[in-house]
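J.: I have a structure I would like to understand better, so I am pasting it below and will then ask my questions one at a time.
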Amino acid sequence: MKRQNWRKALMGLAVLSLPVTMLYLSPLLTLQGAVRGVVTSSLIFVILAATIAFFAGRVFCGWICPGGAVQEILFPANDRRLGGGRADYIKYGIAAAWLGALIYLFIRAGGVKSVIPLFGIESGLSLSSGKTYVMFYIAMGGMAFLSLMLGRRPFCRYGCLLAPFMIGGRKAARAAGTPCLRLEAESEKCIHCKLCTKACPMSIDVHGLVTAGDMFSPECISCGACVDVCPKAVLTLAWGSMAKKRDGDGAAKEQL
Ligand code: SF4
Ligand code: SF4
C-alpha cells in the first residue's frame, strides 16, 4: 500500500498549497483573460492536462488535484459508491458551455493578443484578496457539500469541466494506439472477490471490467487503488500500447 500512502501525501500537499495554486486552475480566470484576448495560466493548464492524459491518463486527478483530495478526505464521512448513467454527462455539458464561451470571448476580443501566465495573479498568490477568499470557500465548500451528500468524488464524476478534456486526451491515445500508462488485467487469475471495485475512488466497476476483458474507463484516474488491493495480482498499471491485445497465455490485456 506504499503507493497509496504516497498518493495521499501528495494530495495532502496539494490541498495545503491551494492558497497559492487555486487561481492557476481557475476556469473563471480563463474566461476573464479571454475577454482581453489573454491566454492565462489556467488555459495553459487545461491544454497541459489534456496532453498529459494522452500519455499518462488522468494522473493529475488521481494524484495531485486539490479538489479530488478534498473529496477523498471526506470518504470517512460518506464513501457511498456513485451510480453512473446520464449524470456522468453533466460535466460534458459544462465543459462544452465553457469552451463555447471561451471561443466566443476570444473572437470578440479580436483573437489571442498575448500570453500572460500571471494574469489576475500578479502577486503569485491565489488567496490575496477578499474576493479570492470568497471564491475559495465557495469552491471548497461546494465540493465538501457534494461529497457529504452523495459519496465518492461526486464533483470529479459529474461536475469537473477539466475532466472531459483529459478524457478526450485519453480516448485520443486509445484511438492512436500510442504507448501510455494503462491498466492491465490477467482475467484468468481473478477470484471475483470484488475488492478492486470496493476500493475504486471513482466508483468504477473494476471487477466488471476485468470479467468483460476491457479495462478502459473514461472515469479512471490512474490512482492504482484497485491494483494495490487485489490479492491475486490480477491488475497492474504499466506502460504500453493502447491497442487491445492478448498475450501468449490468453490473458486479457486492455488499456485505460
Ligand atoms: S479503476 Fe483502479 S486505477 Fe482507475 S480510478 Fe479506479 S481504483 Fe483507480
Ligand atoms: S481484487 Fe483482484 S481478484 Fe478480486 S475481483 Fe478484483 S481483480 Fe479479481
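The values are calculated or read from the model by the stated rules, or taken from the named source; none is laboratory data. Keep in mind that what you see is a predicted model, and the values were worked out from it rather than measured. Glycine also receives a Cβ, built like all others from the backbone with ideal geometry; neighbour counts cover every protein chain displayed. Please note that ligands, DNA and RNA were not included when accessible areas were found on the heavy atoms of the full protein model with its side chains. Shrake-Rupley method; radii C 1.70, N 1.55, O 1.52, S 1.80 Å.
J.: Among residues belonging to the stretch 134-185 that are of a type in the set (Lys, Arg) and on the phi < 0 side of the Ramachandran plot, point out the one that is most open to solvent (accessible area, probe 1.4 Å).
T.: 171
J.: Here's another thing I want to ask about it. Between a residue in the stretch 206-226 that is not assigned by TED's automatic domain parsing to the domain that holds residue 52 and any residue that is more than 6 Å from ligand 1 (Cβ to nearest atom) and acidic (Asp, Glu), which pairs come within a Cβ distance under 7 Å, given they are 6 or more apart or on different chains?
T.: Between residues of the stretch 206-226 that are not assigned by TED's automatic domain parsing to the domain that holds residue 52 and residues that are more than 6 Å from ligand 1 (Cβ to nearest atom) and acidic (Asp, Glu), the close pairs are 213/254; 214/254; 215/184; 215/254; 216/254.
J.: Could you list, in sequence order, the residues of the stretch 100-133 that are exposed (fewer than 14 other Cβ atoms within 10 Å of the Cβ) and farther than 26 Å from residue 155 by Cβ?
T.: Hits for the stretch 100-133 are 107, 108, 110, 111, 112, 113, 114, 115, 118, 122, 123, 124.
J.: Continuing with the same structure: Could you grab me the full set of residues in the stretch 79-98 that are out of contact with any Ser or Thr (no Cβ under 7 Å at 6 or more places or on another chain) and surrounded by 15 or more Cβ atoms within 10 Å (Cβ to Cβ)?
T.: Scanning the stretch 79-98 gives 79, 84, 88, 91, 94, 95, 98.
J.: Could I ask something else about it? Can we say residue 40 is in contact with a strand residue (DSSP E or B) (Cβ under 9 Å, 6 or more places away or on another chain), assigned by TED's automatic domain parsing to the domain that holds residue 155 and of a type in the set (Ser, Thr, Tyr)?
T.: yes
J.: Looking at 28, 13, 18, which is the one that is on the phi < 0 side of the Ramachandran plot and open to solvent by less than 50 Å² (accessible area, probe 1.4 Å)?
T.: Residue meeting the stated conditions: 18.
J.: Among the residues of the stretch 90-123, which ones are at pLDDT below 95 and either farther than 16 Å from residue 47 by Cβ or in a helix (DSSP H, G or I) (or both)?
T.: 118, 120, 121, 122, 123
J.: Evaluate the stretch 55-78: report whether one residue or more is open to solvent by 70 Å² or more (accessible area, probe 1.4 Å), more than 14 Å from ligand 1 (Cβ to nearest atom), farther than 19 Å from residue 158 by Cβ and in a helix (DSSP H, G or I).
T.: For the stretch 55-78, residues open to solvent by 70 Å² or more (accessible area, probe 1.4 Å), more than 14 Å from ligand 1 (Cβ to nearest atom), farther than 19 Å from residue 158 by Cβ and in a helix (DSSP H, G or I): present.
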